[in-house]
Amino acid sequence: MSTDLVNPPVQLQPEKALHLSQLAPQILKSSPTTSLPYPLSLLTTPESQETWVVYENLVFQCLRTGDDDSAKECLDRLVDRFGEDNERIMALCGMYEEAVAKDDKELEGVLKTYNKAIQADPTNMLLRKRKIALLKSLSRTNDAISSLVELLDASPIDSEAWAELSELYFSQGMYQQAIFSLEEVLLITPNAWTIHARLGEILYIHGQSPSVNDAEILKSLSESMRRFCRSLELCNDYLRGYYGLKLTTKRLLDVLPSAGKQSDADLPPPSTETVHKLHELATRKLAEIVRRSASKEKGWEGFDPAEIIAARELLDRETQKVDR
Amino acid sequence: MAQPVVQTIHRDPALFYWILLPITVVMILTGILRHYAMVLLQSTPKKQTLPLIRQHRSLMRGVNLRTNANVLSPSSFAARKSFLVAAFQSGAFLADPDAKGKPRPNPMTDPAAMEGMMGMMKGQVAMMVPQTLIMGWINAFFSGFVIMKLPFPLTPQFKSMLQSGVGTRDLDVRWVSSLSWYFLTLFGLQPVYNFILGSNNSANQVTQQMAGMNPGAGMMGPEQDPDKLFQSEAENLEVIEHKWILEGVEDRLLASLS
C-alpha cells in the first residue's frame, strides 16, 4: 500500500486518487507529530526518506480530491521538517493556496506572492513552474507562454517544460511552434514513444488546417505517419499510435494519388503500396486490441477505456462505410 | 612433530572491563559525535546563479542535440545546428561574457573555490583530531596489554596487525593487543554506525575520505573555461553526421510486425 504512495503513477485514475487520499487521516494518526525527548526519539522515530515522499504525495492527492484539511495537516508537517524556504515546500504551499483560493482575485494574490518570491530567487524552477500553471488556470495563456519561454531560456534541457510549451502553443493553434517544442522534448528523451506519437498527432492536425498548401499537407502527413511508425516501433502495442497510424494512412491514401513530384521535402513521400499495408496493419492491430481488451484477456488489460471506445468507434465507422 | 603447547595466559578479568570495553565504547561514541559534528559543520551547498545554470544547461542542450540528432528531420536539425553553433561561437550563453578570452583565474584567489576547500578541510580536521587524541590516549594508558584471544587460529602474517605494541615474537597470533583492538574498531565499526545512525551517516572516516574525493573530482569540472567548452561543442556539432531515424521506419515496422 505504501509503495503506491511513495511512487504513484503519473496519471492516476480518479478512483485511485480518492482511495489514496482516504488513507490520509489514518497515516496522519499513525505517525503523531509529538516525538519523545531526544535520546529516546532516536529509537522510536525512524525517519526514512519515504516518510516525506508519502506526505508530499498525500498533499497532491488530498488537494485533488478536495480533502483540504488533511492536505493542510500534511503540509504543516512538511513545513515543520524542512522550513518554509525550501523550494519544494514553497511550491507545495503555493499549490495549497491555489487550491483553497475562492475566486480569481485570491488567485491573483497568490500570483503576486509567486512573483515576489521568484524575483528574490530566480533559480527556483519549481515555483516558476507553479506560476506558469497558475497563469494557465487563469486562462492567461499568452503570459504563461512567455513565462515558459523565459524559463526555457535559462533551462533548455527541461523536457517537462518543453512539453508543456508545446501543449500551450497547440492550444493556440500555433502548430509550427508546438512541433518545434516537441522536437526539443525528443532531443532530451529520444525514445519516448508517447512523444513521437504526440508529434505525429500535431503534424496530422497541422496537415488538416486550411491554411497549408498541398505540398505541405503531403509533407506533414507523411512525416506524421512516420512518427507514428517510430512510436510503434518503440512500443508495439501502443493503442494511440495505431489509432493515429490508421488516420494518417487513410488520409494519405486520399492525398497520395493526386500529389505531384516533391522537391523540398526531407524524405520522399511513401509509396501507395506501403501506406496501404500500414493501413491494413493498423486496422488489424486496432481490432485485435479492442477485441482482446474487451474479453479481458490476460496481458491486455490496462488500456484506457476511453481510448478503447474511440478505437472501436473508428473501426465501426469504417465497416459501416463498407456496408453502404 | 608434536603439537606445540597451547599457550595459556591468565588474564585478569579487569582487563576486559577496563580496557576492551572502554576502547570499544569510546570508539563508538566518537563515531557518533563525529557524525553530529559533521552535520553541524556542513556548509549548505552554495546556490548556483541563474546565468551559471543557463550556461551549463545550454551546453547540455548542445550535447543532447549531438547525441540524439537522429530524431530530427534534416531540415530542422540544420536549423538547430546553425543556431546553436552560432550562439556557442559568439558566447551567447556564457554566464560572464566579459571574461571570454581572459585566462582563468587562480583557484586560490577565487573565494568560491576557497569555500569548497574549507569544507573539505573541516571534514579532515574533524576526522584527524579525535583520531590523534584517542590513539595518544590508548598509547599512554593501555599500550602493551594483551586483552583478548580470538576463537580461531590465524597465520603468522596477522601478527603485525593484531599485536602492534606487543613486541613478543613467540606469542600466538590469536592474542590481540589493545592498540590493535583500537585499529580493528576504527575500521570495523561501520555496520554499528549504520545501525545507530542510519545508513548515510558520516561517522566513519573511510566513507569520509571517499566523500572527500568526490567533490574534488566535481570541482575540476566547472574550473574549465566555459568558453573553451562551448567552442569545442560547436566544433563537434559542425562535424556530426546526421541520419534521420524516420528514414525507412515504415518498412522496418512492417517487417517486424507482419
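The values are calculated or read from the model by the stated rules, or taken from the named source; none is laboratory data. Only a predicted model underlies this, so the values are computations on that prediction, with no experimental measurement involved. A quick note on method: Cβ atoms are made from the backbone with ideal geometry, for glycine too, and the neighbour counts reach across all protein chains shown. Side chains are part of the model used for accessible areas, which takes the heavy atoms of the whole protein and leaves out ligands, DNA and RNA. Shrake-Rupley method; radii C 1.70, N 1.55, O 1.52, S 1.80 Å.
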- prompt: Within the set of pairs 6+ apart or on separate chains, which have a first residue in region A:18-37 that is over 14 Å from A:S70 (Cα atoms), a second that is open to solvent by less than 90 Å² (accessible area, probe 1.4 Å) and at pLDDT below 60, and C-beta atoms under 8 Å apart?
  reply: A:S35/A:S41; A:S35/A:T44; A:S35/A:T45; A:L36/A:T44; A:L36/A:T45
- request: Could you list, in sequence order, all residues of region B:153-173 that are without any contact (Cβ under 8 Å) to a residue 40 or more places away in the chain, surrounded by 13 or more Cβ atoms within 10 Å (Cβ to Cβ) and outside any helix (DSSP H, G or I)?
  value: B:L154, B:Q163, B:S164, B:G165, B:V166, B:V173
Search result, residues across region A:183-203 that are within 10 Å of chain B (Cβ to nearest Cβ), in contact with a Lys or Arg (Cβ under 7 Å, 6 or more places away or on another chain) and of a type in the set (A, V, I, L, M, F, W, C): A:L199
Selected residue (criterion: farthest from B:D227 (Cα to Cα)) from residues of region B:54-64 that are at the interface with chain A (Cβ under 8 Å from one of its Cβ atoms) and open to solvent by less than 60 Å² (accessible area, probe 1.4 Å): B:N64
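Per-residue answers, yes or no, for (1) buried (at least 20 other Cβ atoms within 10 Å of the Cβ); (2) outside the structural domain of A:P269 (by TED's automatic domain parsing):
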| site | (1), (2) |
| --- | --- |
| A:A161 | yes, yes |
| A:E164 | yes, yes |
| A:L182 | yes, yes |
| A:I195 | yes, no |
| A:I205 | no, no |
| A:A215 | no, no |
message: Restricting to region A:242-256, name every residue that is open to solvent by less than 30 Å² (accessible area, probe 1.4 Å), at pLDDT 90 or above and among the hydrophobic types (A, V, I, L, M, F, W, C).
response: A:L245
statement: The residue from A:K102, A:K129 that alone is surrounded by fewer than 21 Cβ atoms within 10 Å (Cβ to Cβ) and in a helix (DSSP H, G or I) is A:K129
- request: Please verify whether region B:133-152 includes one or more residues that are modelled with pLDDT of 80 or more, within 14 Å of chain A (Cβ to nearest Cβ) and either touching a strand residue (DSSP E or B) at 6+ places or on another chain (Cβ under 9 Å) or not in a helix (DSSP H, G or I) (or both).
  value: no
query: If you scan region A:239-255, which residues turn out to be out of contact with any His (no Cβ under 9 Å at 6 or more places or on another chain) and more than 12 Å from chain B (Cβ to nearest Cβ)?
result: A:L239, A:R240, A:Y243, A:G244, A:L247, A:R251, A:D254, A:V255
- request: Say whether the condition of being assigned to a helix (DSSP H, G or I) and touching a residue at least 60 places away in the same chain (Cβ under 8 Å) is met by at least one residue in region A:289-306.
  value: no
task: Go through region A:231-241 and give me each residue that's assigned to a helix (DSSP H, G or I) and surrounded by fewer than 24 Cβ atoms within 10 Å (Cβ to Cβ).
output: A:E233, A:L234, A:L239, A:R240
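Table: residues versus (1) within 28 Å of the chain's Cα centre (by Cα); (2) open to solvent by less than 20 Å² (accessible area, probe 1.4 Å).
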residue: B:P13; (1), (2): no, no
residue: B:I19; (1), (2): no, yes
residue: B:P22; (1), (2): no, no
residue: B:L33; (1), (2): yes, no
residue: B:T44; (1), (2): yes, no
residue: B:L52; (1), (2): yes, no
residue: B:R66; (1), (2): no, no
residue: B:A78; (1), (2): no, no
residue: B:S90; (1), (2): no, no
statement: Residue count, region A:257-285, condition farther than 26 Å from A:T194 by Cβ, at pLDDT 80 or above and within 11 Å of chain B (Cβ to nearest Cβ), comes to 4
query: Going through region A:147-158 one residue at a time, which ones are within 10 Å of chain B (Cβ to nearest Cβ), open to solvent by 40 Å² or more (accessible area, probe 1.4 Å) and within 19 Å of the chain's Cα centre (by Cα)?
result: A:I157
field: Residue count, region A:108-126 (criterion: more than 14 Å from every other protein chain (Cβ to nearest Cβ) and either open to solvent by 30 Å² or more (accessible area, probe 1.4 Å) or touching a strand residue (DSSP E or B) at 6+ places or on another chain (Cβ under 8 Å) (or both))
entry: 6
